[in-house]
1. What residues qualify as long-range amide H neighbours of K388, i.e. H under 5 Å apart, gap of 5 or more or another chain, H built at 1.01 Å from N?
2. Go ahead and run the numbers for FRET between Y69 and M337, Cβ-Cβ distance against an R0 of 56 Å, rounding to 0.05.
3. Largest first, please: the extent of the C-alpha atoms of the range 274-395 along each principal axis, to the nearest Å.
4. With every protein chain present, what is the per residue accessible area of the chain (1.4 Å probe, Å²)?
5. Between V176 and E575, what length in nm is gained on full extension when 0.36 nm per residue of separation is reduced by their alpha carbon distance?
6. Which cross-chain or sequence-distant (5 or more) residues have an amide H under 5 Å from the amide H of S438, H modelled 1.01 Å from N in plane?
7. Would you mind computing Rg(Cα) / (2.2 N^0.38 Å) for the range 327-442, counting N as its residues?
8. Top to bottom by accessible area (1.4 Å), largest first, where do Y151, Y595 land?
Amino acid sequence: MPTKEKNQEKIPITRILSNYFYLLKYAFKKDAGMVWMIFGMYTVAGVGYASMETIFMRVFINFLSDDRYSFKQTATLVLGATIGMAFLMAVDRCMENICYPRMVRLAGMMQEEMIHKVVKMDLICYDCDTYYDDFVVAASQLEEMVMTAIYDLGRMGRNTVTVLVLSGLITSIDPVIAIFPVAGFVINIFSRFRIMKLEYEYDVEKKTIMRRANYSKRVFYQPEYAKEIKLSHIEVPLEKQFHKAVDDTIAVGKKYGVPIALWSLVNWITVFTLLSTFCIPLYLGYMALVVRKIGLGDVAALNNAQGIVRNRLDAINYCVERIQRAGLFCERFRRFMEYESKIEGNPGTVNLPAEKSSLEIKNMSYRYDGADKDTLKNINMKIEAGQKVAFVGENGAGKSTLIKLLMRLYDVTEGSIEYGGTDIRDYGTDEYRDIFGSVFQDYQIYASSVRENVMMDNSRDGEEKRVKDALDQSGFLERLLTLPKGLDTMLTREFAEDGVQLSGGEAQKVAIARLFAKKERMHIAILDEPSSALDPKAEYELNQNIMNRAGDATVIFISHRLSTTRDADCIYMFENGEIVEQGTHQQLMELNGQYAEMFQCQAKYYQENAEVFE
């Protein structure tokens with residue numbers, strides 16, 4: 001996906017129509033029967049209503065004004081028309097009731113597909129504003145736009161067939177009357193096209209701006225921000241940001257409001273006032289009273305017919321407008337759905353080695369899309385199976401980016417990363433990642449049970465001991481025994497009023513338990529500062545526990561507290577995306593370089609807490 005894109009997309013009409021048919025094809029794939037049912041019922045009901053209001057009216061007036069027809073015949077006509085109207089209304093109501101549960105099912109299927117698509121998106125997409133905007137628009141409007149496309153297909157069928165039927169009636173009586181609704185339709189479709197285009201551009205600009213306002217609002221009711229808001233005045237810049245977004249939205253509204261109002265005024269005066277209100281009654285009156293070419297029944301039928309034709313042409317116009325809007329929206333949805341992942345789901349060409357193997361980086365560099373320099377430059381290292389390795393350095397030195405590259409969340413820009421002597425890009429992505437156990441600093445606790453938060457997949461029977469052992473090894477078992485439902489206790493109160501809200505340290509222990517639960521198939525353990533919320537003593541004990549219990553798995557960890565690095569087999573010091581020093585703790589201290597300087601800066605703290613490390 002591109003990194004930048006203009007807010008106002010210039011999409012040709014052919015692409016808009018292609019997008020609309022893409023939505024219809026998407027709907028047909030999900031539930032073709034429902035689409036055909038809506039189309040058929042709309043068409044039948046539309047033609048029936050139009051016939052009742054025109055042909056019936058003409059025949060009814062002729063029955064009343066012609067002595068050849070008896071009261072019984074007239075009453076029979078009215079009764080038949082009443083039964084017909086009742087049937088048409090029943091069709092309308094049944095369609096809504098029958099289609100509603102199928103629409104709900106369709107909406108669920110669409111959202112499920114969206115979730116699966118998001119899971120398969122490359123991580124790099126989350127660094128791209130265009131991807132985020134496309135996802136937000138697609139997720140928020142998908143159901144509405146697909147359903148609009150389905151119903152508009154039915155409306156187009158109903159309106160088109162109705163216009164054709166009534167055009168035959170009008171032509172048989174006085175074809176001149178058709179000029180007025182057709183002229184109104186042409187003017188209406190042109191003006192509405194301009195109005196819709198302006199409204200779409202306004203909507204896109206407004207949504208982009210309102211993201212800032214929505215963020216400012218959201219912060220104030222999310223619990224993780226509550227303490228800092230109460231203990232600071234962060235509400236001041238957030239309120240400024242909110243008001244700035246509102247002011248920008250008002251400015252955008254003024255920018256588009258005037259031209260939209262002018263086009264709407266032109267549309268209303270010409271189509272609904274001049275052509276409909278004045279021209280048609282004058283013409284019909286002239287033909288009936290002056291020329292005496294048509295009778296009262298014809299006047300009623302023609303007046304109703306041209307009104308229905310005008311309304312149906314207007315309805316077609318609005319359908320075209322909605323089709324255009326759906327087509328414009330679908331450009332984002334289609335771009336989102338047609339994006340082909342370069343990393344996720346890659347099946348690979350070679351099998352992963354069964355035994356634990358070495359991890360080697362050769363002349364590797366990485367640059368983020370749109371960046372003007374490399375985040376990592378010419379990295380070379382070899383980590384033997386079972387080694388305990390530490391990455392250290394200041395924030396922004398590239399350590400976490402390297403971790404993502406090792407796990408193939410990103411792909412290298414230059415060079416290669418090899419596992420077992422084979423480039424990791426040759427392995428199946430899922431198979432390769434399965435050998436990793438990982439805990440990140442920005443871990444998440446999900447609104448689910450303790451068991452599911454540890455296993456991170458569909459928990460199966462017989463895994464209770466495995467989950468408890470993992471929680472025991474992470475230091476959470478004692479807290480587990482106090483939970484009301486044990487492993488089935490719901491975490492967070494997002495959906496359960498009796499859910500448990502864990503402290504920061506407790507939550508980290510649950511996150512770390514995920515690594516131990518995966519121990520049997522884990523070749524490499526990745527620890528990206530997962531213990532930062534723990535006190536120094538607890539962090540030291542936890543890291544020692546992880547390294548001792550990791551068995552023969554390779555352990556790679558990032559930490560700013562250098563007490564945890566002293567027992568590593570090798571330490572790599574990063575600065576500005578490059579390895580500036582490497583070796584054991586003793587070797588780097590003897591080198592008296594940047595690592596030694598950083599360690600000595602923390603030495604006083606270590607000496608004061610010497611008992612921690614004994």
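The values are calculated or read from the model by the stated rules, or taken from the named source; none is laboratory data. These numbers come from a predicted model, not from an experiment. Reconstructed Cβ throughout: ideal geometry from the backbone, glycine too, with neighbour counts over all protein chains shown. Ligands, DNA and RNA are stripped out before the accessible areas are found, and what is left, the full protein with its side chains, is counted by its heavy atoms. Shrake-Rupley method; radii C 1.70, N 1.55, O 1.52, S 1.80 Å.
1. Under 5 Å from the amide H of K388: V555, D569, C570.
2. E between Y69 and M337, to the nearest 0.05, is 0.35.
3. Result for the range 274-395: principal-axis Cα extents of 104, 36, 19 Å.
4. Working: 31640 Å² over 614 residues.
Per residue, the chain has an accessible area of 52 Å².
5. Full-extension gain reported as 135.3 nm.
6. Amide H neighbours of S438, under 5 Å, 5+ apart: I526.
7. The range 327-442 yields a ratio of 1.22.
8. Ranked from most to least accessible, the order is Y151, Y595.
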